[in-house]
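The values are calculated or read from the model by the stated rules, or taken from the named source; none is laboratory data. Values in this document were obtained by computation on a predicted structure and should not be read as measured data. In this analysis, Cβ positions are derived from the backbone assuming ideal geometry, glycine residues included, and neighbour counts consider all displayed protein chains.
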Amino acid sequence: MDLPLPAVTPETAPYWDGARDGKLLLQRCLACRAVRFYPRRTCPACWSPDVEWIEASGRGRIASFTVIHRPPAPAFAGRVPYVVALIDLDEGPRMMANVVGDRALEVAIDDAVEVIFEARGAVALPQFQRSAR
Ligand SMILES: [Zn+2]
């Protein structure tokens with residue numbers, strides 16, 4: 001069974017296009033400069049619809065995490081145990097992703113992580129791995 005794919009919408013298409021090119025793109029409000037994730041039509045800080053896309057550093061720190069031992073759907077049976085984390089990006093927004101790679105299961109709060117891109121069907125999913133920082 002295949003893993004589920006994200007639903008690409010007009011608001012999120014630049015994000016997924018960037019991920020396919022190996023770039024983590026975030027929206028930045030042109031009115032108040034707030035950087036946000038997830039992609040959306042209006043700024044959650046000031047409600048401006050004026051936005052630009054910026055390339056994030058791909059670096060952040062673990063704010064919280066959990067280790068999934070019981071697959072939430074049959075498609076995930078081959079992936080357990082795996083880590084779901086909240087990551088505070090250096091640019092400010094918090095995003096949820098998996099922590100993957102060597103020693104992923106040893107992850108701890110405040111660990112430094114960096115983005116990698118997991119190919120899945122026609123898309124690439126931003127995921128994170130622990131870094132030495
Ligand atoms: Zn704003």
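From Arg28, Arg41, grab the single residue that is within 13 Å of the ligand (Cβ to nearest atom), basic (Lys, Arg), over 16 Å from Leu89 (Cβ atoms) and in contact (Cβ under 8 Å) with a residue 24 or more places away in the chain.
Arg41
Kindly indicate which of Arg36, Arg59, Arg20 is more than 16 Å from the ligand (Cβ to nearest atom), among the charged types (D, E, K, R) and surrounded by 16 or more Cβ atoms within 10 Å (Cβ to Cβ).
On the way: Arg36 fails: more than 16 Å from the ligand (Cβ to nearest atom); Arg20 fails: surrounded by 16 or more Cβ atoms within 10 Å (Cβ to Cβ).
Unique residue meeting the criteria: Arg59.
Taking the residues in the stretch 1-10 that are more than 13 Å from the chain's Cα centre (by Cα) and surrounded by 13 or more Cβ atoms within 10 Å (Cβ to Cβ) as candidates, determine which candidate is farthest from the ligand (Cβ to nearest atom).
Once the filter is applied, the top-ranked residue is Leu3.
Only one of these is surrounded by 12 or more Cβ atoms within 10 Å (Cβ to Cβ), of a type in the set (Gly, Ala, Ser) and farther than 26 Å from Gly101 by Cα: Ala31, Ala13. Name it.
Ala31
Out of the stretch 44-56, which residues are within 10 Å of the ligand (Cβ to nearest atom) and either within 29 Å of Ala119 (Cα to Cα) or touching a helix residue (DSSP H, G or I) at 6+ places or on another chain (Cβ under 6 Å) (or both)?
Val51
Test Gly92 against the stated conditions and say whether it is assigned to a loop (DSSP other than H, G, I, E, B), within 16 Å of the ligand (Cβ to nearest atom) and in contact (Cβ under 8 Å) with a residue 24 or more places away in the chain.
Yes, satisfied.
Ala73 fails exactly one of the following numbered conditions: (1) within 24 Å of Asp88 (Cβ to Cβ); (2) more than 11 Å from the ligand (Cβ to nearest atom). What is the number of that condition?
(1)
Consider the stretch 119-130. How many of its residues are modelled with pLDDT of 95 or more and in a loop (DSSP other than H, G, I, E, B)?
0
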